[in-house]
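As structure tokens, the structure follows; a few thoughts come after it.
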Amino acid sequence: MEISIASRIRNLPPYLFADLDRARREVQARGVDVISMGIGDPDLPTPRFIVEALKRAADDPKVYRYPDYQGSSRFRCAAARWYERRFGVRFDPEREVCALIGSKEGIANFSLAVVEPGDVVLIPDPGYPVYQAGCVFAGGTPYYLPLRKENGFTPDFGAIPPEVLRRAKLLWLNYPNNPTAASVELDFFAEAVRFCLKHQIILAHDAAYSEITYDGYRSPSVFQVPEARQCAIEFHSLSKTFSMTGWRLGFALGNVELVDALGKVKTNVDSGVFEAVQEAGVVALDAYPSSVKETCEIYRSRLEMLVPALKRLGLECERPRATFYVWAAVPEGYTSVSLALKFLEQAGVVVTPGSGFGRCGEGFVRFSITVPTERIEEAVRRIEALKL
Ligand SMILES: *Cc1c(COP(=O)(O)O)cnc(C)c1O
């Protein structure tokens, strides 16, 4: 029989890194000790007290059964409690908070809750690929908002054509930002909320990096703009904050109708997060910011090693106030991919070409500092020996 795959899968954008993956395997086959700064996945272990909490919780047979779809009451209360302590805004844990199997799950499923076929979804370019995938799976049409350096890598809402605005249903934002490492102040969210209310657009904010910050910077939440409750949902993740990417735990909170609609999608496609993992999440959130401070100190020292070396090589970049990425401009004579290949072939360092995050990512490469500090030191030594 001839298998016919759905167009929503066939039409997914091609995997841009196939050439780079092949080149990486060739370099490794030559015996080069490759340092991977391509993927944003913390090398630091989950703090011990969180692992211990999981072990304790896993001993209780009551966690072996199906969990509550929306998350345990204890986890949702801990999320609301943490959020209020961190941002000074209160949410009802029963109605306005929903546990997620990692925030990626919630981000992808949210489009199914609100996007009708033909609706336009406003998506940052460059950006996290899941916004686009969720939109396409729901039958929506992506409209890309360029994030340009001269605007601090924030979108220019005034540049969106009126006919796009009329069909726009949903806007995605993500600050601190992946991949550009940009961060914003609250006045940017105030502008975004005004824009969304004026044009009747739902605002979805991905706050995955809200706690990976440096030099006293505190990243804002959209709900510190009071009117945001009329139109917004915010996605939080324990993955980066507590080095728990493999555990799959996050939550969404915000407008009661939006959280409820996301919960309805989830009720129909998954059965929630293992309750022992949620219990460990409660312990992690209640202990905030104890382990997070040390984590950020380590990332900061790595950034301080890497950024000057990149600058000396001629890659324009800044030490970011947040995230564990460096977004560096590609010098004249290179593209994102050709520079990434040069780093791989001549320094054995894997970086991500910005073009993989969207057209406007061309001209940049992304370095992730989620590799052990001595590997960063080694990468810096090799980068210093490079000539462009
Ligand atoms: C890492 C990341 C997430 C979080 O993923 P989880 O599913 O919670 O592990 C969400 N958004 C962005 C932009 C990320 O980089």
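The values are calculated or read from the model by the stated rules, or taken from the named source; none is laboratory data. As the structure is a computational prediction, the values presented were derived from the model and not from experiment. Note that we place each Cβ from the backbone using ideal geometry, even for glycine, and neighbour counts take in every protein chain shown.
I'd like to check something: does the range 268-279 contain any residue that is within 16 Å of the ligand (Cβ to nearest atom) and farther than 17 Å from LYS104 by Cα? Lay out the reasoning, then the answer.
The initial filter retains those residues of the range 268-279 that are within 16 Å of the ligand (Cβ to nearest atom), namely 269-270, 272-274, 277-278.
In the following step, the residues that additionally are farther than 17 Å from LYS104 by Cα were identified as none.
No, that holds for no residue.
Taking the range 184-220 as the range and being assigned to a strand (DSSP E or B) and more than 30 Å from SER301 (Cβ to Cβ) as the test, the residues that pass are ILE202, LEU203, ALA204.
If you scan the range 350-360, which residues turn out to be surrounded by 23 or more Cβ atoms within 10 Å (Cβ to Cβ) and either assigned to a helix (DSSP H, G or I) or of a type outside the set (Gly, Ala, Ser) (or both)?
Initially, the range 350-360 is screened for residues surrounded by 23 or more Cβ atoms within 10 Å (Cβ to Cβ), giving 350-354, 357-358.
Passing the criteria: VAL350, VAL351, THR352, PRO353, GLY354, PHE357.
Would the range 280-289 turn up any residue that is over 30 Å from PRO61 (Cβ atoms) and more than 16 Å from the ligand (Cβ to nearest atom)? Before you say what the answer is, go through the steps one by one.
Going residue by residue through the range 280-289, those that are over 30 Å from PRO61 (Cβ atoms) are 289.
In the following step, the residues that additionally are more than 16 Å from the ligand (Cβ to nearest atom) were identified as 289.
There is at least one residue in the range 280-289 that is over 30 Å from PRO61 (Cβ atoms) and more than 16 Å from the ligand (Cβ to nearest atom).
Annotation: of all residues in the range 129-184 being touching a strand residue (DSSP E or B) at 6+ places or on another chain (Cβ under 8 Å) and of a type in the set (Ser, Thr, Tyr), the one that is nearest to ASP119 (Cα to Cα) is THR141.
Before we move on, is ALA228 under 29 Å from CYS77 (Cβ atoms), more than 15 Å from the ligand (Cβ to nearest atom), crowded, with 23+ Cβ neighbours inside 10 Å and over 20 Å from the mean Cα position of the chain (by Cα)? Explain how you work it out, then say what you get.
Numbers: under 29 Å from CYS77 (Cβ atoms): yes; more than 15 Å from the ligand (Cβ to nearest atom): yes; crowded, with 23+ Cβ neighbours inside 10 Å: yes; over 20 Å from the mean Cα position of the chain (by Cα): yes.
Considered against the rule, which asks whether it is under 29 Å from CYS77 (Cβ atoms), more than 15 Å from the ligand (Cβ to nearest atom), crowded, with 23+ Cβ neighbours inside 10 Å and over 20 Å from the mean Cα position of the chain (by Cα), ALA228 comes out as yes.
If you scan the range 105-153, which residues turn out to be of a type in the set (Asp, Glu) and part of a helix (DSSP H, G or I)? Selection gives GLU105, GLU150.
Looking only at residues of the range 1-34 that are touching a residue at least 40 places away in the same chain (Cβ under 8 Å) and within 22 Å of the chain's Cα centre (by Cα), we find that the one that is surrounded by the fewest Cβ atoms within 10 Å (Cβ to Cβ) is PRO13. Scanning for something free of Cβ contacts under 8 Å to residues at least 12 places away in the same chain and under 23 Å from the mean Cα position of the chain (by Cα), does the range 35-47 turn up at least one residue? Checked the range 35-47: no residue is free of Cβ contacts under 8 Å to residues at least 12 places away in the same chain and under 23 Å from the mean Cα position of the chain (by Cα).
Scan the range 248-271 residue by residue and report those that are in a loop (DSSP other than H, G, I, E, B) and either in the same structural domain as TYR299 (by TED's automatic domain parsing) or buried (at least 24 other Cβ atoms within 10 Å of the Cβ) (or both). Walk me through it before giving the result.
Initially, the range 248-271 is screened for residues in a loop (DSSP other than H, G, I, E, B), giving 248-249, 255, 270-271.
Within the range 248-271, LEU249 is the sole residue that qualifies.
Here the range 144-171 is the region considered, the condition is being in contact (Cβ under 8 Å) with a residue 40 or more places away in the chain and surrounded by fewer than 19 Cβ atoms within 10 Å (Cβ to Cβ), and the residue that is farthest from the ligand (Cβ to nearest atom) is ARG167.
Restricting attention to the range 68-104, report how many residues are part of a loop (DSSP other than H, G, I, E, B) and either surrounded by fewer than 24 Cβ atoms within 10 Å (Cβ to Cβ) or more than 16 Å from the ligand (Cβ to nearest atom) (or both). Break it down into steps so the answer makes sense when it comes.
Applying the first criterion (part of a loop (DSSP other than H, G, I, E, B)) to the range 68-104 yields 68-72, 88-96, 101-102.
Those still in the list that are either surrounded by fewer than 24 Cβ atoms within 10 Å (Cβ to Cβ) or more than 16 Å from the ligand (Cβ to nearest atom) (or both) too: 68-70, 72, 88-96, 101-102.
Adding up the residues that qualify gives 15.
The set of residues in the range 204-224 that are surrounded by 22 or more Cβ atoms within 10 Å (Cβ to Cβ) and over 17 Å from the mean Cα position of the chain (by Cα) contains only PHE223. Screening the candidates ASN178, ASN174 for the property of being touching an Asp or Glu at 6+ places or on another chain (Cβ under 6 Å) and within 15 Å of the ligand (Cβ to nearest atom) yields one hit, ASN174.
Quick one: would you say SER355 is of a type in the set (S, T, N, Q) and out of contact with any Asp or Glu (no Cβ under 7 Å at 6 or more places or on another chain)? Break it down stepwise before answering.
Working: of a type in the set (S, T, N, Q): yes; out of contact with any Asp or Glu (no Cβ under 7 Å at 6 or more places or on another chain): no.
The answer is no for SER355.
Hey, could you check the range 318-342 for residues that are among the small types (Gly, Ala, Ser) and either assigned to a helix (DSSP H, G or I) or touching a residue at least 60 places away in the same chain (Cβ under 8 Å) (or both) and say which is surrounded by the fewest Cβ atoms within 10 Å (Cβ to Cβ)? Walk me through it before giving the result.
Within the range 318-342, the subset among the small types (Gly, Ala, Ser) is 322, 328-329, 333, 336, 338, 340.
Within this subset, residues satisfying the condition of being either assigned to a helix (DSSP H, G or I) or touching a residue at least 60 places away in the same chain (Cβ under 8 Å) (or both) are 322, 329, 336, 338, 340.
Working: ALA322: 24, ALA329: 16, SER336: 22, SER338: 11, ALA340: 28.
Residue satisfying both the conditions and the ranking: SER338.
Within the range 371-388, the set of residues being within 26 Å of LYS240 (Cα to Cα) and either crowded, with 22+ Cβ neighbours inside 10 Å or of a type in the set (A, V, I, L, M, F, W, C) (or both) comprises VAL371, ILE376, ALA379, VAL380.
What tally of residues in the range 240-265 results from selecting those that are in contact with a strand residue (DSSP E or B) (Cβ under 7 Å, 6 or more places away or on another chain) and small (Gly, Ala, Ser)? Write out each step before concluding.
Within the range 240-265, the subset in contact with a strand residue (DSSP E or B) (Cβ under 7 Å, 6 or more places away or on another chain) is 250-255, 258-259, 262-263.
Narrowing the set further to residues that are small (Gly, Ala, Ser) leaves 250, 252, 254, 263.
So the answer is 4.
Looking only at the range 361-382, residues that are part of a helix (DSSP H, G or I) and out of contact with any Pro (no Cβ under 9 Å at 6 or more places or on another chain) come to 9 in all. Taking first residues from the range 180-193 that are among the β-branched types (Val, Ile, Thr) and partners that are in a helix (DSSP H, G or I), the Cβ contacts under 8 Å between residues at least 6 apart in sequence or on separate chains come to VAL193/VAL222; VAL193/GLU227; VAL193/ALA228.
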